[in-house]
Amino acid sequence: MLGERYYRYNKYNLYEAGVRVPMIISGDVISETMKGTINSSPVENIDVLPTLLKAANISPDEALPGQNLLKPIKRNASFSALHERDGEAAFMWRTKEYKLILVFERQEQVKDYKNGAYSCRRVV
């Protein structure tokens, strides 16, 4: 966060400075058409493994989540974060234009968050 919104050395929030982190890919695996370009498509951490496997000429398992970042991304939005702290958990879904954050009572397991089962509040 580097001081933005009074956060210096941690990222316990869902502000843009904490969730919009650049990813830089370089090396021989980059095609000529991709070199020197900036792509603002939403990517997720789960995309790193399939990308590295493809770069190493290893076919990833079809059940593996994520996309190969060396090809055009086929998503318009992404699940960017699950932020937990005492008593609450926040889930964020974002597109290029919008960000939705839902704050729930914190549950023991992720599978325990069920549609309509827990109250949520709007965060502005």
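Over all pairs of different C-alpha atoms, the range 1-115 has a mean inverse distance whose reciprocal, the Kirkwood radius, equals 16.5 Å. If R0 equals 35 Å, the separation of the Cβ atoms of residue 29 and residue 93 corresponds to a calculated FRET efficiency of about 0.75. Which residues in the range 18-62 place their backbone N less than 15 Å from a point set 7 Å from the Cα of residue 77 along the Cα-to-Cβ direction? From the range 18-62, the list is 42-43.
Residue 86 sits among other residues whose Cβ lies under 15 Å from its own Cβ, and their net charge, with Lys and Arg +1 and Asp and Glu -1, is -2.
Readers should treat all values here as calculations from the given coordinates under stated rules, not as data from a laboratory. Keep in mind it's a predicted model, so treat the numbers as computed, not measured. Because the Cβ atoms are built from the backbone with ideal geometry, glycine has one as well, and the counts that use them run over all protein chains shown.
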